[in-house]
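Laboratory data are not the source of any read-out in this text; all were calculated from the coordinates shown. On a predicted model such as this, the values are computed, not experimentally measured, just so you know. Note: ideal-geometry Cβ built from the backbone for every residue, glycine included; neighbour counts use all protein chains shown.
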Amino acid sequence: MIIKPKNIISLDQVSSTNDYMIENIKSGIIQEEGSVVVANYQTAGKGLDKNKWESEAGKNLLFSILLKPAFLPADQQFQLTKIISLAIHDFVRNYLPNERIKVKWPNDIYVGNKKIAGILISNTIKGKEIIHTVVGVGININQQTFSNEVFNPTSLWHYLNTDLKIDFCLKNVLSHIEKRYQQLRDNDSYQINFDYKKALYRLNDFNLFKYKETMISARIVGVTKYGQIKLLQKNGEEIICDLKEIEFII
C-alpha cells in the first residue's frame, strides 16, 4: 500500500489541491509517494486547459495524490491518465451500477451525457524518466445545484437522492487508485488498454465532432500510445488528433 492515513493532509480551504501539493513538493515538505492533499473547498479549482472546477464547500471530493512512477518510461505517460481515469470510473460505477459510466477522452468521467468527475495530471519529467506525478481529482458527490457556467454537470446525489460521507468516499476512491496503480506497476498494459478502450465515451458510434473548426461525422476507434484520439470517418479516412484539435458536440 502506497497510500497511508498518516500521509493524508486535510485542509478546509485552499486555492487548489494540485497547487498546494506542487508547492510543498518543491519546498521538500511533501516527498513520500502516496501523499494525499484533500480539501473541503477550492478557491481556484482547476480543470483541463485552464478550465475552472466548480465545487460547493464540503459537498464533493477534491484531492491530489503524489505518485512516483519511475518504472514507467516518459513516453508511456498516458498510461497514468488511463489508470486514474479507470479508477474514478470504477468508483462511480460501484455506486451507479445500472447507469452508463464512461470515460470521455482523455479523462473526464461521464454518467450518460453528464460530467461527474474531472482529472488533472501534472508530470515532472527528466530525460526519459518521470520524476513524479501530481494527480488532481474532483468528483461531484453531494452537490445538488450548479451554476449556469458549468456545462452538463451531475453528481452522485442526483441518482442516489441521499448524501454520502465524503471521508468514506475518499477511502473508497483511493483504494481503486491503489488497485489500478498496481496494475501499472505489474506492467499489465493489456488489461489497462482493454479496459480504457472499452470505457471510452462514444466508442464506435458515429457522432458529430468539431475538428479544426469544421464539423465532421466520425466514430472513436481508440487512442494512440501517446494519448491522441483516433477517429474514423464514414468515408474510411482516419483522423488522429490532440486535445486542442477536436471538440465533442454534446
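By the count of neighbouring beta-carbon atoms within 10 Å, fewest first, Glu213, Glu178 end up ordered Glu213, Glu178.
Between Ile30 and Ile25, the built amide H atoms are under 5 Å apart, and every one of these is 5 or more places off in sequence or on another chain. Antiparallel versus total DSSP beta bridges in the chain: what percent is that, nearest 5? Of all bridge pairs located within the chain, approximately 85 percent are antiparallel. With θ taken as phi - 60° and the Karplus curve 6.51 cos²θ - 1.76 cosθ + 1.60 applied, the whole-hertz 3J(HN,Hα) list for the stretch 234-250 is 5, 7, x, 7, 9, 10, 10, 9, 8, 4, 6, 8, 10, 9, 6, 9, 10 Hz, x standing for glycine and proline. Given +1 at the Cβ of Lys and Arg, -1 at the Cβ of Asp and Glu and no other charges, the dipole of the stretch 5-199 around its Cα centre is 400 debye to the nearest 20. Between Ile246, Tyr201, Tyr95, the Cα set farthest toward the positive side of the dipole of the chain (charges on each charged residue's Cβ, about the Cα centre) is that of Tyr201. For the cross-link pairs Lys126/Lys171; Lys179/Lys225; Lys165/Lys198; Lys82/Lys115, the ones whose C-alpha atoms lie over 24 Å apart are Lys126/Lys171; Lys165/Lys198. 3J(HN,Hα) along the stretch 188-195: 8, 5, 4, 5, 4, 5, 5, 5 Hz, from the Karplus curve 6.51 cos²θ - 1.76 cosθ + 1.60 with θ = phi - 60°, whole Hz, x for Gly and Pro. In order along the stretch 167-181, the Karplus-derived 3J(HN,Hα) couplings, from 6.51 cos²θ - 1.76 cosθ + 1.60 at θ = phi - 60°, round to 4, 5, 4, 4, 4, 5, 5, 5, 5, 5, 5, 4, 5, 6, 5 Hz, and Gly and Pro are given as x.
For the chain, averaging the sequence separation of C-alpha pairs within contact (under 8 Å, six or more residues apart) and dividing by the residue count gives a relative contact order of 17 percent.
For a quick check, take a GNM of the chain with Cα springs below 10 Å and name the residue from Ile101, Ile29, Ile65 with the largest mean-square fluctuation. The residue that fluctuates most here is Ile29. Can you tell which of Ile119, Gln191, Phe63 lies farthest toward the positive end of the dipole of the stretch 5-199, using +1 and -1 charges on the Cβ of basic and acidic side chains (Lys, Arg; Asp, Glu)? Sorting the options by dipole projection puts first Gln191.
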